[in-house]
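The values are calculated or read from the model by the stated rules, or taken from the named source; none is laboratory data. In this text the structure is predicted, and so the values were computed from the model without any measurement. No Cβ is skipped: glycine too gets one built from the backbone with ideal geometry, and neighbour counts run over all protein chains shown.
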């Protein structure tokens with residue numbers, strides 16, 4: 001088999017960072033904060049690279065949409081084994097209101113332009129937790145979808161995918177071309193090594209605008225306010241159960 | 001503040017003479033005073049002064065918090081509880097804490113992640129536990145120079161997460177997710193030491209706060225050259241000093257490129273001797289093996305049951321090869337030939353990240369596996385390290401000794417360094433078993449010292465191995481160590497009661 005895989009990778013605030021809300025409550029602080037590739041997208045890239053190592057795939061295209069720094073995220077994808085990158089630049093207020101639907105439209109257009117057989121994305125991003133992009137992309141393309149994948153096997157023109165669902169594990173067969181979203185237990189991604197990081201600098205990254213793909217990124221939503229969760233109040237010790245009940249009543253809980 | 005309590009768990013002084021300790025010791029009920037009245041009053045005054053410097057959030061004397069800070073993964077020492085816990089947020093605050101405590105002559109104990117194995121953080125004479133975890137920044141990162149400087153709150157896994165996007169890592173891996181400054185203080189080692197060295201080889205510089213509050217860098221402020229001949233090597237003096245010479249508030253580490261390929265393998269042998277001979281021959285062949293770990297048949301059986309694995313129940317080597325693809329292939333081929341020559345089985349390979357991680361997790365979790373396989377029991381952990389060629393006979397003698405005693409005692413460890421651990425299992429309610437285990441540990445340590453080895457390869461002296469230090473170092477060496485201690489800490493306030501006594 002010699003499939004072409006398109007992998008979506010999102011640049012998000014690193015999961016180890018403590019998130020702070022801007023004083024004007026318009027969003028979270030991103031200036032000077034460590035960003036990295038969305039962990040589920042790392043899993044997606046790893047799966048694509050393994051398929052290439054098994055000679056199931058012949059080319060991996062990594063795609064990211066966002067400000068100029070997304071190039072770093074694409075370089076990481078290239079260092080992990082992707083062959084080339086596509087960066088659709090969107091910055092500033094338009095980036096703040098970017099939604100999965102915009103990304104899905106871009107993925108759908110790229111899938112047609114680049115003759116893609118499999119689209120793999122992480123099942124959700126750790127900043128918005130939407131879990132929508134794979135599904136919307138499949139709908140726009142009218143392709144079958146295999147979401148929350150925890151195991152993928154390629155078999156002549158189709159994929160057998162084990163999905164993690166609420167009830168347990170579901171195994172489905174999807175014909176190619178298809179959209180897959182990667183779940184946590186699909187694999188453990190490799191680290192980018194120094195030689196591969198060096199080699200990745202030479203791999204091409206094509207720059208496009210949303211207009212090039214015919215996608216309108218004007219906002220569909222307006223962010224009203226962003227607030228931190230309420231600070232946890234101190235507890236109080238009381239002498240006996242009756243006092244517990246009294247306190248609860250006073251606080252309006254009983 | 002409780003001054004008196006009844007303790008079921010009394011640290012019996014005579015026991016500390018017999019070997020490395022890692023267990024509950026049940027003894028008779030004893031009425032005991034935690035510490036003398038003078039110290040209790042001093043601590044009250046101290047607390048007020050420290051609140052002014054650190055704020056109410058930076059200090060606690062709650063019993064639970066004090067207890068949490070008086071123990072690590074080693075023996076619980078319930079009569080060695082600290083009196084106060086403070087959280088400095090910077091080197092400056094740490095320095096102020098030190099000068100305040102120095103003035104009042106109150107003991108101070110640095111606390112990192114509490115993942116040590118020798119009760120290094122307990123308060124033998126009470127005092128102030130200085131929890132360094134709020135100082136958690138990576139202060140200087142130079143990827144092209146392969147060095148990074150971190151504060152005590154940065155852990156090993158935290159640093160590796162930060163480094164991975166740059167294709168770099170810090171390979172010293174003692175198993176736990178320990179504070180890197182804590183690892184500096186205990187000269188931590190681990191499974192990768194055979195190739196990448198221990199903390200001794202990988203710490204370039206440290207920032208120290210002395211007992212009197214003075215701050216200095218052991219290799220000069222911010223210096224990060226890979227080598228130096230300038231004066232005494234103070235950096236390595238602090239590596240392994242177990243908090244007894246000063247607070248380590250920054251450590252500058254050597255970092256490495258992540259290997260292009262990592263492949264792990266498991267190979268079973270007919271006898272422990274065959275497995276260790278294989279290890280000696282692999283090293284003699286100059287194969288740059290990254291990890292070579294032994295698990296004996298007793299350990300393998302427990303490992304299989306606990307992790308639901310299916311390895312052969314026989315002395316087994318867990319190996320890992322790092323390098324380019326060609327290099328790993330050729331290393332592996334040669335190693336397989338040596339294994340075959342020693343009667344080893346076929347290699348079972350693990351290439352993918354999750355498979356390798358599962359394999360090494362099974363190895364790293366072995367202490368917990370041993371305890372869970374023997375519910376209700378505890379274990380004495382030994383940590384001897386001898387020249388590699390002495391290892392086959394030492395392990396063989398030890399295993400034979402263990403078998404004769406009837407104690408369950410899996411033997412495993414870093415055979416590539418000549419360092420192995422035995423977990424001598426005993427039931428805390430059977431004093432006979434405990435006695436046997438202690439005697440086994442003692443005989444084993446004596447054998448190791450007679451073979452020109454050390455009583456502790458990587459865990460540290462702490463409290464449990466104090467009795468062996470003089471035999472190992474000799475009286476002059478010990479006196480020199482005490483001299484140095486008096487120079488850095490004339491009032492013996494830094495982590496007293498550890499490594500050696502003040503007499």
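Could you tell me which residue of region B:130-139 is surrounded by the fewest Cβ atoms within 10 Å (Cβ to Cβ), considering only residues that are part of a loop (DSSP other than H, G, I, E, B) and within 13 Å of chain A (Cβ to nearest Cβ)? Working first, answer last.
So in region B:130-139, the residues part of a loop (DSSP other than H, G, I, E, B) come out as B:135-137.
Now narrow it down to the ones that are within 13 Å of chain A (Cβ to nearest Cβ): B:136-137.
Numbers: B:136: 15, B:137: 12.
Per the criteria, the residue is B:137.
Do we have residue A:215 as closer than 19 Å to residue A:82 by Cα, away from chain B (no Cβ under 14 Å), surrounded by 10 or more Cβ atoms within 10 Å (Cβ to Cβ) and under 20 Å from the mean Cα position of the chain (by Cα) here?
Here the answer is no, as residue A:215 does not meet what is asked.
From the residues in region A:86-95 that are outside any loop (DSSP other than H, G, I, E, B) and over 16 Å from the mean Cα position of the chain (by Cα), which one is surrounded by the most Cβ atoms within 10 Å (Cβ to Cβ)?
It comes out as A:89.
Test each condition in (1) touching a helix residue (DSSP H, G or I) at 6+ places or on another chain (Cβ under 9 Å); (2) touching a residue at least 60 places away in the same chain (Cβ under 8 Å) for residue B:285 and report the one that comes out false.
Unmet for residue B:285, out of (1) touching a helix residue (DSSP H, G or I) at 6+ places or on another chain (Cβ under 9 Å); (2) touching a residue at least 60 places away in the same chain (Cβ under 8 Å): (2).
Those residues that are under 21 Å from the mean Cα position of the chain (by Cα), modelled with pLDDT of 95 or more and part of a loop (DSSP other than H, G, I, E, B), I need them from region A:190-212; list them, please.
Result: A:209, single match.
Name every residue in region A:190-210 that is more than 14 Å from chain B (Cβ to nearest Cβ) and buried (at least 20 other Cβ atoms within 10 Å of the Cβ), in order of residue number.
Applying the first criterion (more than 14 Å from chain B (Cβ to nearest Cβ)) to region A:190-210 yields A:202-210.
If the condition is that a residue be more than 14 Å from chain B (Cβ to nearest Cβ) and buried (at least 20 other Cβ atoms within 10 Å of the Cβ), then A:210 is the only one that fits.
For (1) over 16 Å from the mean Cα position of the chain (by Cα); (2) within 12 Å of chain B (Cβ to nearest Cβ); (3) within 30 Å of residue A:155 (Cβ to Cβ); (4) assigned to a loop (DSSP other than H, G, I, E, B), each residue gets a yes or a no:
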| residue | (1), (2), (3), (4) |
| --- | --- |
| A:4 | yes, no, yes, no |
| A:16 | yes, yes, no, yes |
| A:25 | yes, no, no, yes |
| A:33 | yes, no, no, yes |
| A:45 | no, no, yes, no |
| A:50 | yes, yes, yes, no |
| A:60 | yes, no, yes, no |
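Can you tell me which residues in region B:50-77 are touching a helix residue (DSSP H, G or I) at 6+ places or on another chain (Cβ under 7 Å) and buried (at least 19 other Cβ atoms within 10 Å of the Cβ)?
B:50, B:59
Any residue in region A:172-182 that is surrounded by 10 or more Cβ atoms within 10 Å (Cβ to Cβ), within 24 Å of the chain's Cα centre (by Cα), within 14 Å of chain B (Cβ to nearest Cβ) and touching a residue at least 60 places away in the same chain (Cβ under 8 Å)? It would help to see each step written out before you state the result.
Going through region A:172-182, the residues surrounded by 10 or more Cβ atoms within 10 Å (Cβ to Cβ) turn out to be A:172-182.
Still in the list and also within 24 Å of the chain's Cα centre (by Cα): A:172-182.
If we keep only those that are within 14 Å of chain B (Cβ to nearest Cβ) as well, we get A:182.
If we keep only those that are touching a residue at least 60 places away in the same chain (Cβ under 8 Å) as well, we get A:182.
Scanning region A:172-182, I find at least one residue that is surrounded by 10 or more Cβ atoms within 10 Å (Cβ to Cβ), within 24 Å of the chain's Cα centre (by Cα), within 14 Å of chain B (Cβ to nearest Cβ) and touching a residue at least 60 places away in the same chain (Cβ under 8 Å), so the answer is yes.
Can you tell me which residue within region A:62-82, out of those that are out of contact with any helix residue (DSSP H, G or I) (no Cβ under 8 Å at 6 or more places or on another chain) and part of a loop (DSSP other than H, G, I, E, B), is nearest to the other protein chains (Cβ to nearest Cβ)?
A:69
Looking at the structure I just gave you, is residue B:499 outside the structural domain of residue B:390 (by TED's automatic domain parsing), touching a residue at least 40 places away in the same chain (Cβ under 8 Å) and on the phi < 0 side of the Ramachandran plot?
On the way: outside the structural domain of residue B:390 (by TED's automatic domain parsing): yes; touching a residue at least 40 places away in the same chain (Cβ under 8 Å): yes; on the phi < 0 side of the Ramachandran plot: no.
When the stated conditions are applied, residue B:499 does not pass them.
For residue B:416, all conditions in the list (1) in contact with a strand residue (DSSP E or B) (Cβ under 6 Å, 6 or more places away or on another chain); (2) more than 27 Å from residue B:270 (Cα to Cα) hold save one; what is the number of the exception?
Residue B:416 satisfies every listed condition except (2).
To keep it simple, each residue is scored yes or no on (1) more than 29 Å from residue B:400 (Cα to Cα); (2) over 28 Å from the mean Cα position of the chain (by Cα); (3) not in a loop (DSSP other than H, G, I, E, B).
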position: B:283; (1), (2), (3): no, no, yes
position: B:305; (1), (2), (3): no, no, yes
position: B:310; (1), (2), (3): no, yes, no
position: B:318; (1), (2), (3): no, no, yes
position: B:349; (1), (2), (3): yes, yes, yes
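Just one of (1) modelled with pLDDT under 95; (2) within 14 Å of chain A (Cβ to nearest Cβ); (3) surrounded by 22 or more Cβ atoms within 10 Å (Cβ to Cβ) trips up residue B:260, so point out which.
Every listed condition holds for residue B:260 apart from (3).
Return only the number of the condition from (1) modelled with pLDDT under 95; (2) surrounded by fewer than 24 Cβ atoms within 10 Å (Cβ to Cβ); (3) not in a helix (DSSP H, G or I) that residue B:452 does not satisfy.
(1)
So, residue B:369, is that one touching a residue at least 40 places away in the same chain (Cβ under 8 Å), out of contact with any strand residue (DSSP E or B) (no Cβ under 6 Å at 6 or more places or on another chain) and either exposed (fewer than 14 other Cβ atoms within 10 Å of the Cβ) or not assigned by TED's automatic domain parsing to the domain that holds residue B:427 (or both) or not?
In short, no.
Given the condition crowded, with 19+ Cβ neighbours inside 10 Å and farther than 30 Å from residue B:173 by Cβ, answer yes or no: does some residue in region B:409-420 qualify? Reasoning before the result, please.
Going through region B:409-420, the residues crowded, with 19+ Cβ neighbours inside 10 Å turn out to be B:409-420.
Still in the running and farther than 30 Å from residue B:173 by Cβ: none.
Scanning region B:409-420 turns up no residue that is crowded, with 19+ Cβ neighbours inside 10 Å and farther than 30 Å from residue B:173 by Cβ.
Which number in (1) in a helix (DSSP H, G or I); (2) touching a strand residue (DSSP E or B) at 6+ places or on another chain (Cβ under 9 Å); (3) within 14 Å of chain A (Cβ to nearest Cβ) marks the one condition that residue B:322 misses?
Condition (1) is where residue B:322 drops out.
Tally up the residues in region A:150-160 that are touching a residue at least 40 places away in the same chain (Cβ under 8 Å) and in a strand (DSSP E or B), please.
Total meeting the criteria: 3.
For every residue, the table says whether it meets (1) farther than 20 Å from residue B:208 by Cα; (2) assigned to a loop (DSSP other than H, G, I, E, B); (3) over 17 Å from the mean Cα position of the chain (by Cα); (4) away from every other protein chain (no Cβ under 14 Å).
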| site | (1), (2), (3), (4) |
| --- | --- |
| B:141 | no, no, yes, no |
| B:149 | no, no, yes, yes |
| B:158 | yes, no, yes, no |
| B:162 | yes, no, yes, no |
| B:172 | yes, yes, no, yes |
| B:181 | no, no, no, yes |
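On the basis of being within 14 Å of chain A (Cβ to nearest Cβ) and at pLDDT below 95, does residue B:105 make the cut?
So residue B:105 fails the test.
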